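Only one structure is covered here, and it is reproduced in the block below.
The values are calculated or read from the model by the stated rules, or taken from the named source; none is laboratory data. Only a predicted model underlies this, so the values are computations on that prediction, with no experimental measurement involved. Note: ideal-geometry Cβ built from the backbone for every residue, glycine included; neighbour counts use all protein chains shown. Accessible surface is based on the protein model in full, side chains and every heavy atom, while ligands, DNA and RNA are left aside. Shrake-Rupley method; radii C 1.70, N 1.55, O 1.52, S 1.80 Å.
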Protein chains: 2
Amino acid sequence: MTGTDPRAVMRALIEQAHPYRGLAAPNPVVAAAVVRNGEWVAAGVHTRAGGDHAEVVALKRAGDKAVGATLYVTLEPCTHWGKTPPCCSAIIAAGIAHVVWAVDDPSPHVRRQPAESVLQAAGIGVTRGILADDARLLNPAFHRADPAAPFITMKLAQSLDGKLALDNGDSAYLTSDSARRYVHQIRNAVDAIVVGAETVWTDNPALTIRHGIASTREPAVIVASRDPRTPKRLRTMRLFSANRPVYVTTLTESGIETVQRVDAQGQWGPEEALTAVLPAPHLLVEGGATIVDQMLQAGVVDELLVMVAPCILGGAQYWGGFQSPDSLMNRQCLAHTQVHQFDDTVMIQGLT
Amino acid sequence: MTGTDPRAVMRALIEQAHPYRGLAAPNPVVAAAVVRNGEWVAAGVHTRAGGDHAEVVALKRAGDKAVGATLYVTLEPCTHWGKTPPCCSAIIAAGIAHVVWAVDDPSPHVRRQPAESVLQAAGIGVTRGILADDARLLNPAFHRADPAAPFITMKLAQSLDGKLALDNGDSAYLTSDSARRYVHQIRNAVDAIVVGAETVWTDNPALTIRHGIASTREPAVIVASRDPRTPKRLRTMRLFSANRPVYVTTLTESGIETVQRVDAQGQWGPEEALTAVLPAPHLLVEGGATIVDQMLQAGVVDELLVMVAPCILGGAQYWGGFQSPDSLMNRQCLAHTQVHQFDDTVMIQGLT
């Protein structure tokens with residue numbers, strides 16, 4: 001790739017990072033490139049927590065060619081020691097002349113010592129905010145406005161006609177294999193998966209992370225149900241097999257406020273605040289039309305991932321079954337939408 | 001652009017042609033590029049009937065640089081005199097060494113004298129069939145399997161949740177301005193627009209070609225209705241203002257078989273076979289859930305254009321309301337899907 005339009009370089013980097021979303025959890029996915037005289041010398045993506053950050057991958061690959069070059073990166077470089085040394089030190093040592101990034105790192109330790117001041121003190125030029133909104137969509141929970149609040153990603157897998165299942169409830173393998181793998185990557189990045197009890201009874205899902213993803217995390221499961229028999233019925237279900245916490249919740253108009261832990265014997269604990277059990281959780285809702293509509297009406301969904309398979313199902317298993325507004329002016333629109341393709345499945349991503 | 005992968009060049013050409021679909025009607029949209037040593041020397045798109053064909057635009061722009069170069073084109077070059085001289089003559093005169101095209105031209109005069117034999121007789125190399133399926137989607141009616149049969153394109157404009165309108169029927173300006181302009185381009189390429197009577201009563205649409213498109217064509221209108229009062233009610237509607245033929249039809253299980261012409265006084269003529277009035281018509285269905293579902297169940301839709309706006313409408317104005325199949329194996333899938341973006345509106349295109 002050649003070219004010196006910073007927006008074009010950044011757009012290409014965001015495209016490179018996107019397929020790896022969730023894999024480096026709890027870290028955000030980041031891509032970086034070393035560009036000299038309009039030519040891509042080297043690029044890198046951070047794909048594994050504990051592995052080299054994207055900047056370091058790109059700088060190592062660039063070697064001497066980094067001297068005097070520009071480093072593009074989708075996220076502000078870190079300035080602190082984590083599992084790896086600070087990227088800003090590596091950038092300075094490599095002889096980079098200019099750093100361009102898309103979006104600032106909201107982490108408190110980076111905000112205490114911003115990369116801009118560290119790099120400028122070393123005589124390195126800095127450009128910030130190139131395609132910031134697009135880069136934020138790579139790691140929307142990481143960039144959430146209130147880092148103490150839950151962040152809710154809702155995934156839907158539907159036909160062209162907006163149906164989530166056949167009338168008989170069957171919905172397995174509606175979308176492409178690569179689309180389902182991407183959902184497992186998202187599972188790898190969240191603290192809990194939320195499903196409706198109906199989905200559990202119909203599909204008996206394992207809700208584990210598969211598709212060859214080397215996961216060290218196993219998100220908790222939260223089952224939404226108002227039926228008092230649900231804890232006892234759950235114990236025979238596959239979602240217990242992974243030995244992770246399972247909770248039951250009753251969805252209120254404010255969303256998920258309290259949860260009750262259920263054990264594999266169908267016993268349940270006391271009601272606890274969601275954020276006491278899972279502080280500032282990133283939740284992935286995998287509906288079910290009932291829970292999808294409840295969460296949307298509660299107004300608590302932050303990010304929507306709509307997977308559309310190129311087929312027509314017919315039937316009445318549609319979502320968005322609540323009353324439509326009086327005017328199109330009042331419809332609920334997504335902000336900052338992006339479109340991605342997973343073979344024949346199209347994903348429309350956006351923030352609500 | 002650089003690169004010598006024929007598929008990459010052809011994909012880029014198809015992308016270049018796509019935004020112009022319908023504008024050159026009754027001609028197909030075609031894009032061409034002159035490539036020498038992996039470098040794009042010049043490119044062109046056929047955007048207006050009577051104007052230079054894409055090959056000629058590219059060759060004129062390339063000038064002397066065409067000598068010994070490869071010409072890529074999305075459609076087999078023509079070998080006959082139409083409104084302009086045959087492209088193959090221009091290709092030979094320009095000194096092109098090799099021609100690569102995606103899909104053969106089904107026109108009888110080209111089939112009688114295929115470009116391959118004309119070019120090879122002049123010592124020019126030929127490669128055919130690169131991304132033929134994708135190129136066919138640029139002009140699907142032109143490439144229809146049975147040139148004597150009607151070809152039906154159905155356009156849907158919907159929200160993420162598959163709703164075509166609010167519960168009160170309002171659906172104006174759901175999709176982006178550029179998406180609506182594209183639909184007007186398609187109107188420019190078809191022989192008739194099909195709407196349900198409900199859509200006429202609710203929206204009173206003009207169904208003309210606007211958005212700054214220099215159209216010399218005005219497609220007929222076919223209103224689907226079983227109500228005998230429809231002809232009389234139609235006369236006050238805007239769709240008569242364009243002075244073009246207006247027909248009423250009753251959809252049968254085999255689709256549109258017969259039509260009755262209606263005049264601006266609400267008088268109607270005898271029932272006639274559709275293909276007697278409009279031979280081998282390309283029809284554009286702009287539903288309306290009722291007519292959409294009727295046409296899908298009749299199994300007569302050839303091409304589907306699903307425009308998805310990134311919003312949630314709620315309500316019950318969904319399509320695909322017929323019974324779902326017993327198994328996902330029996331769902332109706334699109335073949336050869338493509339995805340295009342019109343600002344924040346996503347279009348999923350496919351053949352049924």
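Near the amide H of A:GLN332, within less than 5 Å, lie the amide hydrogens of B:ILE312, all on another chain or at least 5 residues away, with H placed in the peptide plane.
Which shape class, rounded, prolate or oblate, goes with region B:6-141 when its Cα gyration tensor gives a ≥ b ≥ c as root eigenvalues, a/c under 1.5 marks rounded, and past that a/b bigger than b/c marks prolate? Rounded is the answer for region B:6-141, as its axis ratio a/c remains below 1.5. Label separation (B:GLU39 vs B:ALA8): 1.6 nm, computed from points 7 Å beyond Cα along the C-beta direction. Average partner chain C-beta neighbours within 10 Å, per residue of A:23-33? The per-residue average across the peptide is 0.
Across peptide B:339-350, the average count of Cβ atoms from other chains found within 10 Å of a residue's Cβ is 4. Tally Lys and Arg at +1 and Asp and Glu at -1 over the other residues with C-beta under 12 Å from the C-beta of B:ALA93: what net charge comes out? With Lys, Arg at +1 and Asp, Glu at -1, the neighbours total 0.
Only sites in a loop by DSSP and with at most 10 other Cβ atoms within 10 Å count here; which chymotrypsin sites (Phe, Trp or Tyr not before Pro) in region B:22-103 make the cut? Walk me through the intermediate numbers first.
On the way: sites: B:TRP40, B:TYR72, B:TRP81, B:TRP101; in loops: B:TRP81.
Taking region B:22-103 and a limit of 10 other Cβ atoms within 10 Å, the loop chymotrypsin sites (Phe, Trp or Tyr not before Pro) found are B:TRP81.
Here's the list of lysines a cross-link from B:LYS163 could span, going by alpha-carbon distance under 22 Å and ignoring same-chain residues fewer than 8 apart: A:LYS155, A:LYS163, B:LYS155. Across the identical copies, the 7 Å label point of A:GLY299, projected outward along Cα→Cβ, sits 4.9 nm from its counterparts, in ascending order.
Ranked by the mean number of other Cβ atoms within 10 Å of their residues, highest first, the peptides B:306-317, A:6-17 come out as B:306-317, A:6-17. With its label point defined 7 Å out from Cα along the Cα-to-Cβ axis, B:GLY38 lies at 1.7 nm from the matching points of the other copies, in increasing order.
In Å² (nearest 100), what accessible area is buried between B and A, both sides summed, heavy protein atoms only, 1.4 Å probe? Roughly 3500 Å².
Among residues of chain A, the one whose Cβ lies closest to the rotation axis carrying chain A onto chain B, together with that distance rounded to whole Å, is A:GLY162, 1. With protein chains left intact and a 1.4 Å probe, residues in region B:213-296 average 48 Å² of accessible area per residue. Quick check: net charge around A:SER324, other residues with Cβ under 15 Å of its Cβ, Lys/Arg +1 and Asp/Glu -1? Here the count lands on -3.
Heavy atoms of the protein chains alone define the surface here; on that basis region B:6-141 has 41 Å² accessible area per residue at 1.4 Å probe size.
Each residue of region B:128-139 was assigned a 3J(HN,Hα) from its phi angle through the Karplus curve 6.51 cos²θ - 1.76 cosθ + 1.60 (θ = phi - 60°); the sequence is 10, x, 7, 6, 4, 4, 5, 5, 4, 5, 5, 9 Hz, with glycine and proline shown as x.
Based on the mean of other Cβ atoms within 10 Å per residue, sort peptides B:22-31, B:195-204 so the most packed one is first. Before the final figure, lay out each step's value.
Working: B:22-31: 23.4, B:195-204: 18.7.
Answer by packing, highest mean first, reads B:22-31, B:195-204.
Counting Lys +1, Arg +1, Asp -1, Glu -1, what net charge surrounds A:ALA102 among other residues with beta carbon under 12 Å of its beta carbon? Intermediate results must be reported in sequence, preceding the final value.
Values: positive: A:ARG7, A:ARG11, A:ARG128, A:ARG136; negative: A:GLU76, A:ASP104, A:ASP105, A:ASP133, A:ASP134.
With Lys, Arg at +1 and Asp, Glu at -1, the net is -1.
Sorting A:MET295, B:MET329, B:MET237 by accessible area puts them as B:MET329, B:MET237, A:MET295; the probe is 1.4 Å, largest comes first, and only protein heavy atoms count. Each other copy holds its own label point for A:ALA172; taking that point as 7 Å from Cα along Cα to Cβ, the gaps run 4.9 nm, nearest first. Once backbone amide H atoms are built at 1.01 Å from N, A:ILE222 has A:ILE193, A:VAL194, A:VAL195, A:TYR247 as its partners under 5 Å, excluding neighbours fewer than 5 places away on the same chain. Here the simple spin-label model places points 7 Å from the Cα toward Cβ, and for B:LYS232 and A:VAL67 these points are separated by 9.2 nm. Across region A:247-257, computed HN-Hα scalar couplings (Karplus, 6.51 cos²θ - 1.76 cosθ + 1.60, θ = phi - 60°) run 10, 10, 9, 9, 5, 10, 5, 9, x, 8, 10 Hz from first to last residue, x flagging Gly and Pro.
Summarise the partner chain shielding of A:298-309 as one whole number: the mean count of Cβ atoms from other chains within 10 Å of each residue's Cβ.
On the way: counts 0, 0, 0, 1, 0, 0, 3, 0, 6, 0, 8, 6.
Mean number of neighbouring Cβ atoms from other chains: 2.
Note on B:LYS83: aspartates and glutamates with a C-alpha under 17 Å away, same-chain residues under 8 apart excluded, are B:ASP52, B:GLU55, B:ASP105.
Among the protein heavy atoms of chain A, carbon and sulfur supply 48% of the accessible surface, probe 1.4 Å, non-protein parts ignored. Per-residue 3J(HN,Hα) values for region A:64-76, derived from phi via the Karplus relation 6.51 cos²θ - 1.76 cosθ + 1.60 with θ = phi - 60°, read 4, 5, 6, 5, x, 8, 9, 9, 9, 8, 6, 9, 3 Hz in sequence order (x marks Gly and Pro).
When both bridge partners sit in region A:144-351, DSSP labels roughly 45% of those beta bridges antiparallel. Projecting label points 7 angstrom from Cα along Cα→Cβ for B:ASP263 and A:ALA280 puts them 7.6 nm apart. Our estimate of slack between A:SER178 and A:ASN204, defined as 0.36 nm per intervening residue step minus the Cα-Cα distance, is 7.2 nm.
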